[in-house]
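Novice: Submitted below is the structure of interest, expressed as structure tokens.
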Amino acid sequence: MAQQQAKFVLDESRIPRAWYNIVADLPVKPPPGLHPGTGQPLGPDDLAPLFPMALIMQEVSTDREIEIPDPVRDAYRLYRPSPLHRALRLEKALDTPAHIYYKNEGVSPAGSHKPNTAIAQAFFNQQEGVRRLATETGAGQWGSALAFAGALFGLEVKVYMVRASYDQKPYRRFLMEAYGASVVSSPSDTTKYGRQVLAEHPDTPGSLGIAISEAVEDAVTRDDTKYSLGSVLNHVMLHQTVIGLEALEQMEMAGEYPDVVIGCTGGGSNFAGTAFPFVGRNLRGQTKTRFVAVEPLAAPSLTRGVYEYDYGDTARMAPIVKMYTLGHDFIPEPIHAGGLRYHGMSPLVSLLKHEGLIEALAVHQRPVFEAGVLFARTEGILPAPESAHAIRVAIDEALEAKAEGRPRVMLFNLSGHGHFDLSAYDRFLRGQLEDYEYPADRVSEALAALPKV
């Protein structure tokens, strides 16, 4: 019997030449972002203190394709195209008729999918004369990626790292500092808002909402600095579509097409990057693929949040956007998937969920790590806790296919490796890992705190 192919690799010449903008194919127009002070629709001048004009234009573009500049494509060549794998050993362990494929974004220098947008953002900022970037990070994957991109384009980078992750993942901080970034625990004493939070809640574990507030304050109070965000916003989703665009070609190489595409969701960039090019085919009537966004039960914005306008940060300085949200004051439990602890969700991902074009599932922390360990013992890659959320659902889908006795083709994004998450895996293997769940009755509290627009 012929040996089945396990890896599908594109030549460097196949790196996409344009990002895919799903806005061009959406059945409804996305609700506009609003100014946090006036509540009026945002204009380019409102966003100029935070972002360079090139990114602002991408944020509001309705063009289906946006060209990738040559310097960005050249930097992508350090790790793109990323390989597509068929998880043959995992399939065998599950004894399933399902075919499981995964896009391995952990091969990037920073170890995750985040450089896809970090490189682009650093380039466009450098082109407009920006010398310094301020950002937040949860687990540290985004901070590592922007620190790496800053080194490529000669920019200073200041990272506000959520305190829970700052304490849990010191090696992520060390990596950021090795790339040249300055990293502080958030809330910090380096911003007015950080000092305010520490005075009121000295033992807070922090949150992405708080860290975003600190980074935004940093950017708007300095002339040489812009703000950089690793998820949520439209231009970030756009840059990540290189993942799905490559996967479309690689699935063609494999001679199959996914029945279901799976991705973990915190702010949405992982899921969007993989799924949006495939969603676009559905929207244009070419295919009928299912899409499953997976989130933690400790921060289940898509499955237990409300679809309303809310602030992107805790201090109410960032734009107001319509999204699934748990409320901007939400302080998550310290689960180890730090990148999935955000209170809201990408407006574009939220819109797709609201329109019934994608599904969403929420899962507990322990079953997620169980899936991560099984993946490591079969495929050899220890996944980041964020990525293990997608693996959990891929395994469940494969077992469902087994029970039905019918084949199913699946694709998920292995968004990063878990080499800096060994302490979390240690807790799991020792039986010390907690499970957290967001109480459903707290949704009313979130509603009460939403802005009146």
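The values are calculated or read from the model by the stated rules, or taken from the named source; none is laboratory data. As the structure is a computational prediction, the values presented were derived from the model and not from experiment. Quick reminder, even Gly has a Cβ in these numbers, built from the backbone with ideal geometry, and neighbours come from all protein chains shown.
Novice: Out of all the residues in region 13-30, which are over 20 Å from LEU351 (Cα atoms), crowded, with 18+ Cβ neighbours inside 10 Å and not hydrophobic (A, V, I, L, M, F, W, C)?
Specialist: PRO16
Novice: Next question, about the same structure. What are the residues in region 220-240 that are touching a Pro at 6+ places or on another chain (Cβ under 7 Å) and either aromatic (Phe, Trp, Tyr) or under 20 Å from PHE148 (Cβ atoms) (or both), if any?
Specialist: Within region 220-240, LYS226 is the sole residue that qualifies.
Novice: Please tell me if ARG304 is of a type in the set (D, E, K, R) and touching a Phe, Trp or Tyr at 6+ places or on another chain (Cβ under 7 Å).
Specialist: So ARG304 passes the test.
Novice: Right, here's the next one. For residues that are part of a helix (DSSP H, G or I), within 22 Å of ILE395 (Cα to Cα) and in contact with an Asp or Glu (Cβ under 8 Å, 6 or more places away or on another chain), tally how many sit in region 409-453.
Specialist: 1
Novice: Looking only at region 168-181, decide whether some residue is in contact with a Phe, Trp or Tyr (Cβ under 6 Å, 6 or more places away or on another chain), of a type outside the set (Asp, Glu) and at pLDDT 95 or above.
Specialist: Within region 168-181 (the criterion being in contact with a Phe, Trp or Tyr (Cβ under 6 Å, 6 or more places away or on another chain), of a type outside the set (Asp, Glu) and at pLDDT 95 or above), the answer is yes, since at least one residue qualifies.
Novice: Does any residue of region 252-264 turn out to be under 24 Å from ALA298 (Cα atoms) and not in a strand (DSSP E or B)?
Specialist: Within region 252-264 (the criterion being under 24 Å from ALA298 (Cα atoms) and not in a strand (DSSP E or B)), the answer is no, since none of the residues qualifies.
Novice: How many residues, within region 1-50, are over 27 Å from TYR76 (Cβ atoms) and hydroxyl-bearing (Ser, Thr, Tyr)?
Specialist: 1
Novice: Also, I was wondering about something else. Can you confirm whether VAL130 is in contact with a Ser or Thr (Cβ under 9 Å, 6 or more places away or on another chain), surrounded by fewer than 24 Cβ atoms within 10 Å (Cβ to Cβ) and either of a type in the set (A, V, I, L, M) or within 22 Å of PRO83 (Cβ to Cβ) (or both)? Write out each step before concluding.
Specialist: On the way: in contact with a Ser or Thr (Cβ under 9 Å, 6 or more places away or on another chain): yes; surrounded by fewer than 24 Cβ atoms within 10 Å (Cβ to Cβ): yes; either of a type in the set (A, V, I, L, M) or within 22 Å of PRO83 (Cβ to Cβ) (or both): yes.
When the stated conditions are applied, VAL130 passes them.
Novice: Please enumerate the residues belonging to region 398-447 that are buried (at least 21 other Cβ atoms within 10 Å of the Cβ) and among the charged types (D, E, K, R).
Specialist: Selection gives ASP421 alone.
Novice: Across region 377-391, what is the total count of residues that are buried (at least 24 other Cβ atoms within 10 Å of the Cβ) and part of a helix (DSSP H, G or I)?
Specialist: 7
Novice: Quick test of your reading of the structure: ARG89 fulfils all but one of (1) surrounded by fewer than 20 Cβ atoms within 10 Å (Cβ to Cβ); (2) under 22 Å from the mean Cα position of the chain (by Cα); (3) under 21 Å from MET251 (Cβ atoms); (4) of a type in the set (D, E, K, R). Name the failing condition by number.
Specialist: ARG89 satisfies every listed condition except (2).
Novice: Just one of (1) within 20 Å of ASP313 (Cα to Cα); (2) of a type in the set (A, V, I, L, M); (3) assigned to a loop (DSSP other than H, G, I, E, B) trips up ILE56, so point out which.
Specialist: (3)
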